[in-house]
Amino acid sequence: MAHHKPDEVPGEPPQEYRPPLAEPGSPDDWFLGRKVGPCRVEALLGRGGMGAVYRAHHVPLDRPVALKVVSPEWLGSPAAAQAFLAEARIAARLEDPRIVQVYDVGVYGEQTYIVMQFIVGENLEAKVSRDGPLAPQEALRVVKEAALALATAHRQGVVHRDVKPANIMLGADGSVRLTDFGISVMAGRSDPHLEGLATMGSLDFMAPEQAFGAPPDPRMDLYSLGATYFYALTGRPPFAAKTAGDLLLQHREEPVPDVRLRRPEATAAVAALIERLMAKNPTDRPAGASEVVRELESPRMLVNVDSSGSPFSLAPPPLDPKAAGIYPGPDCAPAPAAGKSVPLGPAESPLPQAPAELPMPPAPTLAPTRPLPPLPAAPAHRRHVVKAAAGLAVLAVMGRLWHGTGRPDWAAAGVFAAAAAAFCLAQQGWRPWLRGLASGLAGVGMAAAFYRFGAGGFVWPTQAPDLDFFVLAAPGVVAAGAAFCLGVWTADRWTAAGLTAAAGALLLLAACSLQLPPGSEWLEGVRAFAAGQGRWFDASGGPWRWGALLALTLAGLFLLRRGSGSARSGQAPTVLNWNR
């Protein structure tokens, strides 16, 4: 029995290969009408970053297929092509009705190709571009089917790494299939030939750790699925930038936008799920695609619920009888007027000795209904008013502190500015330019306060600082600059905050060293000077002044966080009047 190479068709002579000289799909496209592997190419279906996709006819199977021809430039080297083929064969083992089946892979000359199942329909990106965002029910169904496909792949250890709207096929029969497992790899594998493919995929939907070359992890696909869900509901990716670098930084630094700001029909559960799927830290995302499917099957995804778990809130009963649907019919006699009597016949008399007329008690009458007084409406900008009042109070206290203060207050001001800079650099929800501006201003205030604290009585240039001053001030300035760079341009926020605190401590000690008498021992001199300044600070009421400022600052931060949290809260629940 003859043995054939995997990339050859039995009974076919070796095919002559010529490199394509024209753009795919053009009349001069060399692939059109040719036989590539077991397939005869018929027409171009589309083009992407990996290469071109053609409609072809699989000769041995006698069925239409989709043929993806991968360009050599995308793979980079023959070794990478071989590694790519090995991983594509692993992806071909996946069998699920929600996954586009891979039939065959091979090499044709310098071109690597993949033979896939042909789907009659369009992808999610094309549908949204033509018809606009999907209805919430339809978006939920599409994302759920894609999550089920990912669950199958992840159970086999395969990570897709390119989940995006263009790779979700919507069949003409309503089916949903995940396609293009072309750059999928086994989870946790690190192949040196595939290092160039680690960052392949669409930047609009790519997980931040994948963009920076992290090993394959199924939670990368969950991040891309959350971004795809956002796109299906809004018609646009979660982030937008002019350059690829800015886009990657937004995925790594910026908070996930609330989908309800662009699609009010989305429920709070949908917004919360997208935020979890697109968490910056992979450990904060769902544990797996199966968990995502369970959440997508919850009724909360389509109907908002209140705190009790009910999708409705009870309204008070109406006071107007007509509003309650109560109308007197023709068989109902009108109520007698007050003080009148109603004649009763002998048969109707409840007592034998009753007189012909019985006095009737006054009939109750319905008082004319009045609408309830409206509740006092809360000011539309109450949060802003509270914040402005807190800011004015802080400014007033600061003005009082700077009026006639001494050197200990300047030291306290430097410590306060260092804490403010550390707090600004540790924030995750702020934009990079806002973190940089706030921490920069706080850093300038810190340096100015410490200089003012140690400049009293220091005459330049007749009196030069000692070496101890430069030994402390130089690393303090370096630590402040490193903290600024880490806090604004990287995700290492807590290291930046710690460096800021260290910079403040070094600059404070440097300022103290300026006040030491010449020739004195540094450690003992600093200790004595700090003790004297502390007694002065306590005697002047400094702890009370700065304690009040700290309390006002903490109150302002609490109101700021509380206001931003309430602004991100869900919509008002549906009101249903059960009394009607």
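The values are calculated or read from the model by the stated rules, or taken from the named source; none is laboratory data. Since we're looking at a predicted model, the values are computed, not measured. Note that each Cβ is placed from the backbone with ideal geometry, even for glycine, and that neighbours are counted across all protein chains shown.
Given the conditions (1) among the aromatic types (F, W, Y); (2) more than 26 Å from L148 (Cα to Cα); (3) modelled with pLDDT under 75, report the number of the one that F84 does not fulfil.
Only one criterion in (1) among the aromatic types (F, W, Y); (2) more than 26 Å from L148 (Cα to Cα); (3) modelled with pLDDT under 75 is unmet by F84, namely (2).
Being under 23 Å from D409 (Cα atoms), at pLDDT 80 or above and among the hydroxyl-bearing types (S, T, Y), is that true of even one residue in region 438-445?
Scanning region 438-445 turns up at least one residue that is under 23 Å from D409 (Cα atoms), at pLDDT 80 or above and among the hydroxyl-bearing types (S, T, Y).
Kindly indicate whether R260 is surrounded by fewer than 22 Cβ atoms within 10 Å (Cβ to Cβ), at pLDDT 90 or above, in the same structural domain as K127 (by TED's automatic domain parsing) and not small (G, A, S).
Yes; evaluated as a whole, the condition is true for this residue.
Regarding V65, is this residue among the β-branched types (V, I, T) and modelled with pLDDT of 85 or more?
Taking the combined requirement at face value, the residue satisfies it.
Here are some conditions: (1) surrounded by fewer than 17 Cβ atoms within 10 Å (Cβ to Cβ); (2) at pLDDT 70 or above. A572 meets all but one. Which one does it not meet?
So the condition that A572 fails would be (2).
Has region 499-507 got at least one residue that is part of a loop (DSSP other than H, G, I, E, B) and at negative phi?
no
Residues of region 409-456 being touching a Cys at 6+ places or on another chain (Cβ under 9 Å) and not in a helix (DSSP H, G or I), which ones?
Hit for region 409-456 is W430, nothing else.
Out of the residues in region 204-217 that are surrounded by 23 or more Cβ atoms within 10 Å (Cβ to Cβ) and assigned to a helix (DSSP H, G or I), state the one that is modelled with the highest pLDDT.
F205
Six or more apart or on different chains, Cβ under 8 Å: which pairs go from a residue in region 422-449 that's without any contact (Cβ under 8 Å) to a residue 40 or more places away in the chain to one that's outside any helix (DSSP H, G or I)? Could you list them?
From region 422-449, the pairs are A438/W430.
Looking for whichever is touching a helix residue (DSSP H, G or I) at 6+ places or on another chain (Cβ under 9 Å) and at pLDDT 85 or above here; the options are I99, I119. Which one fits?
From the options I99, I119, the qualifying one is I99.
Would you be able to tell me the number of residues in region 18-45 that are at pLDDT 70 or above and at negative phi?
15
I'm told A81 meets every condition in (1) part of a helix (DSSP H, G or I); (2) within 28 Å of R294 (Cβ to Cβ); (3) over 30 Å from the mean Cα position of the chain (by Cα) except one. Can you identify the failing condition by its number?
For A81, the failing item is (2).
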